[in-house]
Structures are given as structure tokens and as C-alpha cells.
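Novice: Pasting a structure here, questions to come.
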Amino acid sequence: MKIGYFIGHFPYMDRVNDINYTKEYAHGGTEIAAYYLAVEMAKRNHKVDIFTTSIGSKDSFELLENMNIHRYGTNFRIASANVALNLVFKPLKHELEIVHAHSPIPYSDLPALLYAKRKKVPFVLTYQYDGQETVGSFIRNAGVSVYNKYLLNKVLDYANVIIATTKSYADESKFLRPYKDKITLIPNGINIKDFQISYSKEKCRSKLGLSADKNVILFLGSLVPYKGPDILLNAFSRVNKEIPNAELVFAGRGEMQVELEKLSKRLNIEKNVKFAGFIEEDLKPFYYKAADIFCLPSTNMGESFGIVNLEAMACGIPIISSKLGGIPDVVNDMENGILVKPGDPESLADALIFLLENKDIRKKMGTDGRKKVEEYSWEKIAEKTENIYNRLLESV
């Protein structure tokens, strides 16, 4: 099968441990999901072509086993998004049997739509999240607003199949509601083996320079508003008063770091808050395994899934996360974690204190999460996606 994947940014996996890389070429859960799905499809002996943007201004090409990566030179950037005009027309030179675009982003799904129309091939769209119109610069938000009002429905109308990563998000998204008859649920996934390290919690803490005798709460991800790190910091202010041996670790960097550091000082909790900064991929399992609780307090529908929750589950630690988007499909309340009201420091503090005071419940939630994460292997996800492709091609 000849599969074409369209994605705005496709990770340079040989550069993910470069501290400056994500400033030049941002990627997150959507892009990582696209990468691993493509890798699994290539393993299944399909011919995979990736159409994406380049980190620089020139076109480039990478050849992997059964996978060709076509990177088109960036013409300009909008916020952190690289935009390549060649992504619109150059893929038309290639022959594909099926087109699959990731996420409602104009520089990936609109070129995929054009290809599918011109070449008359089936079009699959993985819808990762609703574009938020209030989380960036004026230009960025204006562009998202225009896209949501005038272009998104054209993509959703034409897609043969829309893949939503969770039922919760499919039900909650105002853009997906009219298309329930063409939605198929396939989650994002995780390479579970990447998080199976032999180090004990004590050795992980020693390696990372974390306190051996404190209860560690971990936030791992970009320090950006929609992930709610400020909500967590305000909640921790109360946690710190009631449980003085608790420590909060922010693993990651982002635009809010200076603001958060100042806030921790104003709240007089800076001695128990650690900003670890940029985290290399290979170190992520050590941070998860060093923690007692993982927390993802996202505040809006920009958080459609939360792959970091799967990573924490793979490492056997309980999760506290917001009850929004697709998170409730991954985090089952009072089973492998606790769901809290988005943007509410008090309910978040209640949940943190409850778990910190109940070690046996933490342990059980971590065990339940480790069992549940087996459902999210990329092998299983690739098989489900392949079944969609076969069904569409049989009906052509």
C-alpha cells in the first residue's frame, strides 16, 4: 500500500536531545504520534511517504526503510509554526493510494485535501484538537479564527474517515459534533518499552539530583498557559503548608518559566519547587520513575489527549489531570488517577493532598495504570489504522 502522511512538523529524531532544536522546529504529541504511526506502517511493509516542512528554507529528503520523508523549505513562520508553500503542490508529483493528514492545521490538512481531490484517492484525517483562538499572538489567533470559520468544515466534509483519539473529545468538540457518522476512535499511543528502565526510584532520584526523602510531584511538558503550570503552582502553595515534605518538579521549559519562578517566590515556596529546564528524551523515564505523582492540570481543549499521561502510566505512577477533552478516556477517575476541575487550584490541591496522604492508593492507581497502558501500544494502533485503509481501498 502507498500511504501519504501530511503533517505540519515531522520530528527530526536525531535532534530531539538538542536544547535549541524545539525553538527552531516545535513539535509535541501530535507530531510524535504521526512519527510512530508512520514507523509502524513502514514496519508492516507499506510504502510510506511523509510530506512536511523543513527546519530551514531549503527542501530536503530523508530515506528510511520503507519511508521517504519529503521536507519542504520554510517560507515563513506563524508563531512556532513553520509554513512551506511547496507543501501545497509538490506532493502532487507522487503517486499515493491513500492520504492521511494529522490535526486541523492548514499547512497539513489543506494540502492533503487538495491531493485527495486532484488524485481521487481516499482521505483520512486524524483530528487531534480544536484550534484555540485565544492562546497566542493576534496574527496567530486571527489565522486560527479564519481557519475555524471558513476552512475546517471543508476538510471535515471531504474526509472519508475522521479519526478521533478519544470518545470524550469527539463528543465535546463543537467542530466534530456534525460528523459523528464518519468518526472512528483510535487513540494515540506509546512505545511502552522505552519507559521500562531497571532503575529504582531511589537511583532515579540520585541520578537527577532530587531529594531522596520527599514526596515528588512531577509536571513534564512545555511551560505554556493551556497546560496550567500556574494552576499547579498555586495549588502547591496550599499543599506545601499541609505537607511540608512535598516537592514540585517542573521538567520542561517554555514561555512561562520566568513568570512561574517569580510566582513561586511570591508564594514563598521556591525552596520546594524545582525547575529542571530542558529534558532530553532519554531522561524522561527517570523523571517519571522518580516521582510519586504525575500532574497535568490543562485548562482548555488544546489538550486533546495528553500522551504524557500514558508515559506516566507506563512508569507505574498515579495521575492527577483535568477533566476535559480526551483526558477522561485515558485517566479513569479513582482508578489510575484523579480528575479535577480545570483551572481550579483548590480542587487540584485537594487531590494532591489526598494522594500524598494515601500511599497505598497511590500504589494501586500506579499498578492499574500500568495494566491499562497496554491498550495503547503502537502495534495495536497501527493495526486498527491499517484496517481503515483496507476498508476504504476496497470500496474505491
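Novice: Could you go through segment 126-133 in sequence order and give the Karplus-derived ³J(HN,Hα) for each residue, using 6.51 cos²θ - 1.76 cosθ + 1.60 with θ = phi - 60°, rounded to whole Hz, and x for Gly and Pro?
Specialist: Once θ is set to phi - 60°, the couplings for segment 126-133 become 8, 9, 8, 6, 7, x, 8, 9 Hz.
Novice: What number does segment 268-396 give for Rg over Rh if you use C-alpha atoms and the Kirkwood radius?
Specialist: 1.06
Novice: While we're here: Straight-line reach only, C-alpha to C-alpha below 19 angstrom: list the aspartates and glutamates that residue 201 could link to, leaving out same-chain residues fewer than 8 apart.
Specialist: 213, 247, 280, 281, 282, 292, 311, 357, 360, 368
Novice: Further question on the same structure: Note the full-extension length gain between residue 375 and residue 262 as 0.36 nm times their separation in residues minus their Cα-Cα distance, in nm to one decimal.
Specialist: Working: separation 113, 0.36 × 113 = 40.68 nm, distance 4.07 nm.
Computed gain between residue 375 and residue 262 is 36.6 nm.
Novice: Okay, moving on. Please list, ordered by chain and number, the residues whose modelled amide H lies under 5 Å from the amide H of residue 59; skip anything fewer than 5 residues away on the same chain.
Specialist: The answer is 73.
Novice: Under the rule a/c < 1.5 gives rounded, and otherwise a/b versus b/c splits prolate from oblate, where does segment 320-396 land using the Cα gyration tensor?
Specialist: It comes out oblate by the Cα gyration axes.
Novice: Is segment 192-375 best put as rounded, prolate or oblate by its Cα gyration tensor, with a ≥ b ≥ c the root eigenvalues, rounded for a/c under 1.5, and otherwise prolate when a/b is larger than b/c, oblate when not? Mind showing how you got there, number by number?
Specialist: On the way: a/c = 1.29, a/b = 1.13, b/c = 1.15.
It is rounded, given that a/c, with a ≥ b ≥ c, falls under 1.5.
Novice: Mind checking the angle between helix 29-43 and the chain's longest principal axis? C-alpha axes, 0 to 90 degrees, to the nearest 10.
Specialist: The angle comes out at about 60 degrees.
Novice: Then there is this: Taking θ = phi - 60°, what integer Hz values does the Karplus form 6.51 cos²θ - 1.76 cosθ + 1.60 yield along segment 347-354, in sequence order, with x for Gly and Pro?
Specialist: 5, 5, 4, 4, 5, 4, 5, 4
Novice: Suppose a student asked you for the relative contact order of the chain, using Cα pairs under 8 Å spaced at least 6 residues apart; what percent would you report? Write out the running numbers ahead of the final one.
Specialist: Working: 775 pairs, mean separation 56.9, N = 396.
Here the relative contact order equals 14 percent.
Novice: Pull out the extension gain between residue 367 and residue 119, defined as 0.36 nm times the separation in residues minus the alpha carbon to alpha carbon distance; nm, one decimal.
Specialist: Extending this stretch completely gives an extra 84.4 nm.
Novice: Can you list the HN-Hα couplings for segment 281-294, worked out from phi with the Karplus curve (6.51, -1.76, 1.60; θ = phi - 60°), rounded to whole Hz and with x for Gly and Pro?
Specialist: Karplus values, whole Hz, x for Gly and Pro: 3, 5, 8, 4, x, 5, 5, 4, 6, 7, 8, 9, 9, 9.
Novice: While we're here: Give a quick list of trypsin sites (Lys or Arg not before Pro) in segment 1-88 that DSSP marks as loop, anything other than H, G, I, E or B, with at most 10 other Cβ atoms within 10 Å.
Specialist: Sparse-neighbourhood loop trypsin sites (Lys or Arg not before Pro): 58.
Novice: Right, next: Distance from the Cα centre of segment 51-106 to that of segment 282-310, in angstrom?
Specialist: A separation of 29 Å, based on Cα centres.
Novice: Here's something else I'd like to know. Using a Förster distance of 22 Å, how high is the FRET efficiency between residue 357 and residue 213, based on the Cβ-Cβ distance and rounded to 0.05? Don't jump to the answer; show the numbers that get you there.
Specialist: Details: r = 16 Å, r/R0 = 0.75.
Once rounded, the FRET efficiency stands at 0.85.
Novice: Right, next: List the residues whose amide H sits under 5 Å from the amide H of residue 246, counting only those 5 or more places along or on another chain, with H placed 1.01 Å from N in the peptide plane.
Specialist: Residues meeting the criterion, in which the H sits 1.01 Å from N, are 215.
Novice: Here is a follow-up. Greater than 32 Å separation of Cα atoms is the criterion. Which listed pairs, 203/241; 120/372; 43/214; 341/364; 274/323; 119/149, meet it?
Specialist: 120/372; 43/214
Novice: What is the distance, in nm, between label points placed 7 Å from the Cα along the Cα-to-Cβ direction at residue 177 and at residue 333?
Specialist: Distance between label points: 2.1 nm.
Novice: Test of understanding: what is the full-extension gain from residue 185 to residue 90, defined as 0.36 nm times their sequence separation minus their Cα-Cα distance?
Specialist: In short, 31.1 nm is gained.
Novice: Between the helical axis of 378-394 and the dominant principal axis of the chain, each derived from Cα atoms, what acute angle in degrees is found, rounded to the nearest 10?
Specialist: 20 degrees
Novice: When the gyration tensor of the chain is built from Cα positions, what are the square roots of 5 times its three eigenvalues, in whole Å, from largest to smallest?
Specialist: Semi-axes from the Cα gyration tensor: 37, 22, 20 Å.
Novice: Which value in deg cm²/dmol, rounded to the nearest 500, describes the helix-derived mean residue ellipticity at 222 nm for the chain, given -39,500 (n - 2.57) per DSSP H run of n ≥ 4 and division by the residue count? Spell out each step's value before the answer.
Specialist: Working: 16 runs with 153 residues, N = 396.
Using -39500 (n - 2.57) per qualifying helix, the result is -11000 deg cm²/dmol.
Novice: I've got another one for you. For segment 1-42 and segment 174-229, compute the distance between their C-alpha centroids and round to whole Å.
Specialist: Each part's Cα centre sits 18 Å from the other's.
Novice: Taking a ≥ b ≥ c as the square roots of the Cα gyration tensor eigenvalues, with a/c under 1.5 meaning rounded and otherwise prolate when a/b beats b/c, else oblate, which class fits segment 197-249?
Specialist: oblate
Novice: Okay, next question. Only loop residues by DSSP count here, and only those with at most 13 other Cβ atoms within 10 Å; note down the GluC sites (Glu not before Pro) in segment 90-161 that meet that.
Specialist: Here the GluC sites (Glu not before Pro) that fit, given the DSSP loop and packing criteria, are 95.
Read-outs throughout are calculated quantities, based only on the coordinates presented, and are distinct from any laboratory measurement. Computed from a predicted structure; not experimentally measured. Heads up, the Cβs are rebuilt from the backbone with ideal geometry, glycines too, and the neighbour counts pull from every protein chain shown.
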